[in-house]
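Everything below concerns the one structure shown next.
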Amino acid sequence: MASAYTTAGVTVSVNIAQIAVATPASQITGLTKDDFVIKITSTGVTKTISASTDNGDGTYTLACTMTSVAHTVDLVAASAISITDPGIESTGLASFTVPA
């Protein structure tokens, strides 16, 4: 889920793992910065995502000041996601380490 990470941010991919209803495209578009959470792995401290870019292909570039340590990125709880149709939820967080 996470790729292209630097101290200035991370690019994440959000895809459909299981389709429960309808037949949408395999990528999820339309999410906002408030739909994601980035945490420092060792402390659980939540980082502030200052902006997000929906790249239109199921990937999102999240602007977040990070240090060179391990982080996780995930979607917020399904009940808090801004998109309600289709209903989506995370299938698990992704781990990444920002290089020094």
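Rundown of residues vs (1) modelled with pLDDT of 90 or more; (2) under 22 Å from T97 (Cβ atoms); (3) acidic (D, E), yes/no style:
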site: F36; (1), (2), (3): yes, yes, no
site: T43; (1), (2), (3): yes, yes, no
site: T48; (1), (2), (3): yes, yes, no
site: S52; (1), (2), (3): yes, yes, no
site: G56; (1), (2), (3): no, no, no
site: Y60; (1), (2), (3): no, yes, no
site: T67; (1), (2), (3): no, yes, no
site: S79; (1), (2), (3): no, no, no
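Can you find even one residue in the range 16-27 that is surrounded by 15 or more Cβ atoms within 10 Å (Cβ to Cβ) and modelled with pLDDT of 70 or more? Looking for residues that are surrounded by 15 or more Cβ atoms within 10 Å (Cβ to Cβ) and modelled with pLDDT of 70 or more, one finds none in the range 16-27, hence no.
Here the range 42-77 is the region considered, the condition is being under 18 Å from Q27 (Cβ atoms) and among the hydrophobic types (A, V, I, L, M, F, W, C), and the residue that is surrounded by the fewest Cβ atoms within 10 Å (Cβ to Cβ) is L75.
The values are calculated or read from the model by the stated rules, or taken from the named source; none is laboratory data. Small disclaimer: the values here were computed from a predicted structure and weren't measured. With ideal geometry, Cβ positions are generated from the backbone for all residues, glycine too; neighbour counts draw on all protein chains shown.
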